[in-house]
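The values are calculated or read from the model by the stated rules, or taken from the named source; none is laboratory data. As the structure is a prediction and not an experimental result, all values here were calculated from the model. Positions of Cβ are generated from backbone atoms using ideal geometry, with glycine treated the same way; all protein chains shown enter the neighbour counts.
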Amino acid sequence: MKRTIPWIITIVTGFVLVIAEFVPPWGKMREDVLIYFQIISVFAFFLGGGSLLKINLQKVFSKRTDWEYALVTVVGFFVMLALGLFKLGNPEMATAGYAADLNANGSWFKNLFDAVKAPLSASMYSLLAFFIASASYRAFRAKNSDATVLLVSAFIILMGQTFVGVVATGWMPDWVSFFKVENLSLWLLAKANLAGQRAILIGIALGIVSMSLRVILGIERTHLSGGDE
Amino acid sequence: MTLQSRTSRNAFWPGFRLAVYGMMFGIVFSSSAVLSQEATAEVDNASTMLAPMLAPAAPGNVTVEDAPNDAGHAVIVTFSQSQAPADGQALVLGYEIYRSLARSGPWKKVGAVPSDVDVTASLIYKDAGGSDKSSDDYLPTETDLFYRVRAVTADSTLYSDSEVSAPAQAVGQWWNSGRNPVFFFVLFFTLLTLYFLRVAKQRGDSLYIRPLAGIDAVDEAIGRATEMGKPILYVLGLGTASDIATIASFTILGRVARKVAEYQTDVIVPCYDPIVFTIAQETVRTGYMDAGRPDAYRDDQVYFVTQAQFAYVAAVNGTILRDRPATNIYLGKFYAESLILAETGAIAGSIQIAGTDEIAQLPFFVVACDYTLIGEELYAASAYLGREPLLLGALKAQDYAKAVIVVLAILGVIMSGLGYEGFAKAFEAVG
């Protein structure tokens, strides 16, 4: 029963939305379903917040390894919640009351977001530069024939993007201009790379249709959970 | 001699000075004359510019027709642009579209179109209104609608209106014929899947499916974690519960959780989305129950972290570096965080299995992980792990459909090469 009812809802919703793709008057149903989804997600946020607090408070009270980080998380959670809910330090509070814009200039909420969260996120993102370098180093070692092809392609594209590459092959006469590094680089991106990407895309599209059919027909029910029938 | 010379010099100087003064006067006079002529010309030009300009030519041939393949509430307005401005006419900057329920008005501005450099080109505007009668942009269906187009210039007082169009109605269609190719393909694929489901029921799990190295590695990875006494980290990515990649990941998580419970090891699932978190929690719990070990499940195995992308990455990286999981499994939707996660896992020495349908992230996973499920392999993975006949049947149908698409693509290339574009156009979906 725990799985049957969600499965019936899945079948009905799935078929209706598939048909709505081809029957224009049913198109509005898709918008309605999205609204239902948003309503459900509001409740899920409470569950998510509850989980976050539960896990981190358990860590703090049982003094598990690195419990200090959990304490920072809990404090951060409550500070931002209080600043957001009660609009503390919000300059618009005097005029607009609790309808004040959360991101009003000068509000403590916005200041903390801009001064703490945004730079920390940017720092994490910037790590990507170093990871790309280390990953490239491993990927471009010519260990086997596949890696060698990867290395040669990467070298051509890299040279094609720099003036050094263009200058190095600039002397080539027009009848072999295809082998100029910028043209080779363009060919690799626009032909070899694009063909591969499209092949993967077609596979993904088929996979999505197949997966959707399995879900709608009830062959795939793991995501419904809920124990036995 | 000297005296005479001085006398003649004295006689010379007044004349010379007179000549110089005369020349200077001439230059000044002629300059001032030139200047006054230029000034006069400028004044003339200015007076010409300030002269009242003429309104542009009116746009013409306003025709209105129902927008095809929709639920009504939309029409397409086509009109020819104003002719190129003649002397004194203001330049047309764009065209405003007005709609009315009666030929005589009142008129309501519904949109605007910038003018085209090529004034001979006709312009098209789709007036797609709302279906809610109480909204401002409501456009009624099966009601006569009149349109007129106004050519506007930089001067708001200079414009020209077209003739009022003939009445037209927005009519809803019950079938979107522009999507016929998609419909027929979905129908074909559904029938193919149903056929192979029937075959799979009859033949059990004896259907052959191509092997996937990444899936074969899952069992090995769980075994390794058990031997090492370390947990398995399962990351569902940044997708929401409505993403097919995330749904596919749930099914794999369920099977991984079951095996993990059987092997008596541990799985950690940090979640990015609260709905994904609730489903993942239920999925893992069910996996433990199916394995007959519901008591081994703990609530802190599946937990919500945050919906901030890089804060989530920081939390997962922290888990990788602190707990040193034996295996990291990344299956779902991933974006810029893919390489940060996978490289950290590689540094921690974990076996890594990844899979996503985000093409831009696939190279990162291929480089940093031991096994990668590319695109549709992610969707096929649950069937491989389950080995249930029905799932294998659906997979078989997917492979046959892929073969059909390959044949059609080759035919398309040949037909286009021969100059017959109709074949490719037959598969084009519109709207």
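What the table below lists for this structure:
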{"read-out": "Positions within the stretch B:130-161 being within 14 Å of chain A (Cβ to nearest Cβ), assigned to a loop (DSSP other than H, G, I, E, B) and not charged (D, E, K, R), in sequence order", "value": "B:Ser131, B:Ser135, B:Thr141"}
{"read-out": "Extreme residue, farthest from B:Pro114 (Cα to Cα), among residues of the stretch B:64-91 that are among the acidic types (Asp, Glu) and in a loop (DSSP other than H, G, I, E, B)", "value": "B:Asp70"}
{"read-out": "Qualifying helices (runs of 4 or more DSSP H) (wholly inside the stretch A:150-229; at least 1 residues being within 12 Å of another protein chain (Cβ to nearest Cβ) and surrounded by 13 or more Cβ atoms within 10 Å (Cβ to Cβ))", "value": "A:194-216"}
{"read-out": "Residue match in the stretch B:409-420 (condition: assigned to a helix (DSSP H, G or I) and either in the same structural domain as B:Ile232 (by TED's automatic domain parsing) or buried (at least 23 other Cβ atoms within 10 Å of the Cβ) (or both))", "value": "no"}
{"read-out": "B:Gly105 modelled with pLDDT under 90 and farther than 30 Å from B:Glu428 by Cα", "value": "yes"}
{"read-out": "Residue match in the stretch B:344-354 (condition: of a type outside the set (Ser, Thr, Tyr) and closer than 24 Å to A:Arg214 by Cβ)", "value": "yes"}
{"read-out": "Qualifying positions in the stretch B:261-281 - farther than 24 Å from B:Ile244 by Cβ and surrounded by 22 or more Cβ atoms within 10 Å (Cβ to Cβ)", "value": "B:Ala261, B:Thr265"}
{"read-out": "Hits in the stretch B:405-431 - residues which are at the interface with chain A (Cβ under 10 Å from one of its Cβ atoms) and either acidic (Asp, Glu) or closer than 30 Å to B:Pro211 by Cα (or both)", "value": "B:Ile405, B:Val406, B:Ala409"}
{"read-out": "Complete set of residues in the stretch B:155-176 that are surrounded by 13 or more Cβ atoms within 10 Å (Cβ to Cβ) and either closer than 25 Å to B:Ala397 by Cβ or among the polar types (S, T, N, Q) (or both)", "value": "B:Ser160, B:Ser162, B:Ser165, B:Gln169, B:Gln173, B:Asn176"}
{"read-out": "Which numbered condition A:Ala147 fails, given (1) part of a helix (DSSP H, G or I); (2) modelled with pLDDT of 85 or more", "value": "(2)"}
{"read-out": "Exclusive hit being facing another protein chain (nearest Cβ under 8 Å) and closer than 30 Å to B:Gln202 by Cα, set B:Leu385, B:Leu362, B:Leu395, B:Leu373", "value": "B:Leu395"}
{"read-out": "Number of positions in the stretch B:309-331 that are away from every other protein chain (no Cβ under 12 Å) and closer than 22 Å to A:Gly48 by Cβ", "value": "4"}
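Yes/no per residue for (1) touching a strand residue (DSSP E or B) at 6+ places or on another chain (Cβ under 7 Å); (2) at pLDDT 90 or above:
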site	(1), (2)
A:Gly165	no, no
A:Asp174	no, no
A:Phe179	no, no
A:Ser185	no, yes
A:Leu194	no, yes
A:Ile200	yes, yes
